[in-house]
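Below: the structure, in structure tokens.
A short reminder: the numbers here are calculations on the coordinates, not readings from a lab. Note that this is a predicted model, so its numbers are computed, not measured. Here the Cβ positions follow ideal geometry from the backbone for every residue, glycine too, while neighbour counts run over all protein chains shown.
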Amino acid sequence: MFSFVKKAGWISPTQLTGVLVFLLSSWGIVKWFTKIPFSAKDMILAGLGALLLFNGLRQFPFYSDIYQLGALIKLLLPITVFFYLRAIIQSQDTLRGVLLTLLLSSVVPVSLFLFEFFVQPLEIRRVAAYRGGGLRITGPYPDLYNYLSYFIVILLVGGRYFIDLAYWRKEQGNGNMLPTLGLLAGILALSVLALIGFNHQASWGVIPALLALLAAFSWKTKEGKIYIISGVLGLLIALPFVWEHEIAPLFAKEIAAFSGNFWQDISLNGRVEMWNGFLEQWYSVPMIAKLFGVGLLGKAEYAVMLSAGTHSQYLFFLFAGGIVGLASFLIFLLLHWRDTKDYTRSWRYFSLGILITLVLYAGIMLPFSSPVALMYLILIGLGVDRKLLTSPTATK
């Protein structure tokens, strides 16, 4: 996802990799179709995928322009990868292997971030005053979200390992807490550094929520109790400083806009004004487009409404799949939440963490549809067969 290779257009390595992932996933679905454990949740997502396909074929005539083909592939990529993962992850061993691979992929970007944070930034951007001010580490990535997603991977996957290790130590009566406390300290340190270094509004909601979830699932262990007590004490000591120097400046614009003392059209970095413009267009389309997606009209002015340019996963599905599409996505999330009630402890933390991350980030970005590390983590968490996560040793 490096910015200097994205500038090569459709022949850049990142674009070609996306096409390759789409083709291999499609081939895998065809080859292992009978292994996909179709549930009600899967059927709903398949219906959403069909809506995206119909809208995409009308909006992006791929036979006339290679860039239109790229837009169509981006539209369908998450659904395709989801069902591919449903087909290939047939045991907990496979699932652990996939998650470990994703975790190891975080080593380079996290090491790069630590170098930038403590030694010398490769590139540092000053956030405009109306966006909260301060400095932001961006590294070689074209978008902050690319960089940040690896820290969410560590928090969710590493947190699951921590919960497993802490309860294993408790059940075995092993008195050595240093390995689990060391893992916990690493997760907490990286989470705090990410909040400070990236200076990202939405992550000040997501990362603390995931840390609270980790505490909720580990409090019955000694490590969990140490985590909660030290966390509360640390929060009481650091909160005044953090509020004054980090949180208040970052959210001052939103607070002022909400109270009518600042330009409301740049609230959420201009997203509110943009969303209002999109919604005005959506209100004017025929009812069939409202129900099933504006792409069915095939008009060029609606192309951005079927892309990451919507800056909201909810609006993206409203525009790309209509009211039916958005309702399908929300029902899909509710069914996933229902399934997590039967999961074992660490897998429930992981799956609920995926859901929290998706729901919170989806308000101002596209975590389900943006092809970065977090999208693949979310698709893994949503796509695993529930039968594999209801027993510590479940296999198929």
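Residues PHE329, PHE151, arranged from fewest to most other Cβ atoms within 10 angstrom of their Cβ, appear as PHE329, PHE151. The alpha carbon gyration tensor of the stretch 3-388 gives principal lengths a ≥ b ≥ c with a/c of 1.5 or higher and a/b no greater than b/c, which makes the shape oblate. Computing FRET efficiency as 1/(1 + (r/R0)^6) for LYS225 and LYS31, where r is the C-beta to C-beta distance and R0 is 56 Å, gives about 0.70. Among SER218, SER91, the ranking by other beta carbons within 10 Å of each residue's beta carbon, starting with the fewest, stands as SER91, SER218.
Starting from the Cα gyration tensor of the stretch 19-113, take the square roots of the eigenvalues, sort them a ≥ b ≥ c, and report rounded, prolate or oblate (rounded when a/c is under 1.5, otherwise prolate if a/b is larger than b/c, else oblate). Cα axes put the stretch 19-113 in the oblate bin.
With the charge dipole of the stretch 3-388 set up from +1 on Lys and Arg Cβ and -1 on Asp and Glu Cβ about the Cα centre, the Cα lying farthest toward the positive end among the listed residues ALA202, PRO367, TRP243 is that of PRO367. Shown for GLU123, GLU171: other C-beta atoms within 10 Å of each C-beta, ranked fewest to most, produce the order GLU171, GLU123.
Modelled this way, with points 7 Å down the Cα-to-C-beta line, the labels at LEU114 and ARG345 are 2.8 nm from one another.
Sparsely packed loop sites in the stretch 188-222 (the chymotrypsin sites (Phe, Trp or Tyr not before Pro) outside DSSP H, G, I, E and B with at most 10 other Cβ atoms within 10 Å) do not occur.
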